[in-house]
Every structure is written in C-alpha cells, then in structure tokens.
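Take a look at the structure set out below.
The values are calculated or read from the model by the stated rules, or taken from the named source; none is laboratory data. Keep in mind that this is a model prediction, so the values were computed, not measured. With ideal geometry, Cβ positions are generated from the backbone for all residues, glycine too; neighbour counts draw on all protein chains shown. Accessible surface is based on the protein model in full, side chains and every heavy atom, while ligands, DNA and RNA are left aside. Shrake-Rupley method; radii C 1.70, N 1.55, O 1.52, S 1.80 Å.
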Amino acid sequence: MNDDALDRLADLIARALVENTRQRETGARGATWLPSPVRPAPPDRVGEPPTWTGAAQDLADIAPSRQREEPPRFRASTAELARATRAAAAGKGSPPERGKREPERRLTRQRASNAPSIDVRIGVSNRHVHVSATDLQTLFASAPLTVSRQLTQPGQFAAGESVAVQGPKGRIDAVRIVGPARGETQLELAASDAAVLGVEPPVAASGSLDTSTGGVTLVGPAGRVELRRGVIVAARHLHLAPVDSRRWGLRDGDRLDVRCGSGPRAATLHDVLVRSGEGHATELHLDADEARAVGVKTGDSATITAWRSPATGRRPLITERDVVRLARDGGRIPVNAILTPSARDRAAALGMIGQ
Ligand SMILES: [Zn+2]
C-alpha cells in the first residue's frame, strides 16, 4: 500500500465518523454503530425474594424433621440479610453477624443414648457371716467348715455350718457362714435384719470394718462369740474380673450407676462400688433388701448406665488403636469414655457406637 492509498483510506474513515456522529446527533435511522446498552433499573427489593428463587423455601415443609420441638437456630430472613449486606457494601453499616453456633447438644445426647451399655449378672447376698479361725474354733470346736455350695467368687463357698445371731432386740437363727475363714469376723446384714436384731450397722464395703458396729452375739454349737465390731450392711458392689476390668476400662474403686430390674419397681442404683482384681468374678452384689426393692433375683442382669472415678474424676480416653483392639477382643467401649475423633469414626464404622 502506497501513500496515496493510505490517504484515501484515512479520508474514508474520517467521512464515516463524521457521518455517524451526524446521524446520532440528529437521531437518523440506519446508523451502523450499535447503540450503547442501557442497564435497566433494578426493581425495588424490599420484601422476600420471589418464590421461584427457592431462597425463601423452608425445607421443613417438604421433609419434616423429627427435631421440630428443638428451638430453631437463629436464622435471619433472606431479605434482611440482603439489605444488611448491601448496606455494609455501601459502607453504611457492619455486615450481619452470624449468631454464635450452639453446640450440637442433640447429637451428643443421641450418641450418649446409643452408647453401648454393659450388662452384668446380679447375685443377691442373703445375710451371712465371715468367721475368723479363732472364732470358728470357739463356735464349732475343732470341726472344719464343710462346703455346702461354691459361690461365684472363686474360692468362696457357703458352708454347711451356720450360727444364730442374738441382738439386743431379737434373734436370727441359721445365719450362713461363708468360707474360707477370714482374718476378722464380719457379719453382713440387710438393713431389715439389723432392725430385727436391734442394731444400727453402717453401710460399708466388705472388709472395711473401721466404722462397723458390734453388740451382737454369734451362737454356735460349741460356744458363743460376742462381737464388739464387724457388723455392717454391705455396700452394694460389683465384683469385676480383671479381663472385664481391662476391656470395659473400669477399675477398682470406681463408682457406677446400675439399672436393675425391668418390672414396675425397676430402678437405677447409684454409687455401686467396683471391686476388681485377681480372684474376682464379674457379678453385681446386692443385699436381700435392695433386690426385693427393685424386684430382681440372683441370675437377673443389670445394666451399667454411668461411670465415674471419684478419686481422679478420670474418664477413660479411647484412641482408634484401642477401638481396634476392643473390637478384636470382643470388648466394648467403656461407659462414659472420651473417644478421639478417629476412634469415634472407627467405632461407628464397626457398629460399636451409634453414628
Ligand atoms: Zn460381694
């Protein structure tokens, strides 16, 4: 292209521009240039958005949830949020703040109720007496105890022998001796037995005789033993085999809530003491009064519903590795355990807890 051609082209362009400007200014039709687009004014948005946007839809109408009685979470209307956000964007206010999120209490409750419960066998202890070797000699002369029946606790047996117990107010015959002989004589009564005898023994753990009372006389075929101490109402307790102690995460001295019975008198007994160690077989020991009150008998099962360790306030921490081990050994997640997130996921996947 030479200079001549360039001049002609520049002339053409200049003519076209002049013509176009003239046409636009006079409103003439046929302009070759597109008009600038005009943005339509937005409608006044003061109410809820139109229904077709779906933004105002309350899904609860379509899929009613079971948690309708729960107080609804704070939720601003869409219009309110939009207004506040526009105002903030225009520098006329601060953006709407999302309410602090409530902890998901419902979920926690649900998890708690789905937590596995541990069932244990109940053994009802009737009144009985553990006798020292010395007192045994006094009561029965030289005769050794005969074994009438082995008890659930290894090595312990109901002896064929029994004694009468004389108290200030009354007498109870045929109180069974539980062998073998112990270091110190201990008479375990139900509260109603104590009332018959006319004594007021404390509720105490078996073997803890510091607070025990006396004032009763054991009467055997060969002699009498006056007890200055050793009379207790045995505190309800759970004997726990070491293997169960390990897999349930419960330890000697822990306290449990245990639901007993299924009938109209079913009740949860609190402060059930855990006795664990070698020589214990897992069994919940209640006395005759307690068993009658909640309508259970030996061989029934009770359910551990809560767990605490009064000494340390400790709750067992379960890791994913623990969950795998428990699953392999057929164990359970301990009551009240704290699970790490990965442990919770693994336990849920294995069906050991609710999702
Ligand atoms: Zn016991």
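Summarising the amide proton neighbourhood of residue 230: residues at separation of 5 or more, or on other chains, whose placed amide H is nearer than 5 Å comprise 212, 213.
The H on the amide N of residue 125, modeled in the peptide plane, is under 5 Å from the matching H of 286, 287, 288, each at least 5 residues off or on a different chain. For residue 318, nonlocal amide neighbours, meaning residues 5 or more places apart or on other chains whose placed amide H falls under 5 Å from its own, are 338, 339, 340. Sorting the segments 272-280, 260-268 by their residues' average number of neighbouring beta-carbon atoms within 10 angstrom, most packed first, yields 272-280, 260-268.
Phi-derived couplings, Karplus 6.51 cos²θ - 1.76 cosθ + 1.60 at θ = phi - 60°, listed residue by residue for the range 8-25: 5, 5, 4, 4, 4, 5, 4, 4, 4, 5, 4, 4, 4, 4, 4, 4, 5, 5 Hz, with x used for Gly and Pro.
Accessible surface of the range 239-285, 1.4 Å probe: 45 percent of it comes from carbon and sulfur atoms.
Per-peptide packing, taken as the mean over residues of other Cβ atoms within 10 Å, places 169-177, 8-16, 183-191 in the sequence 183-191, 169-177, 8-16 from highest down. Each Lys and Arg adds +1 at its Cβ and each Asp and Glu adds -1 at its Cβ; summed about the Cα centre, the range 155-205 shows a dipole of about 60 debye. Set the Cα radius of gyration of the range 139-249 against 2.2 N^0.38 Å, with N its number of residues, and you get 1.16.
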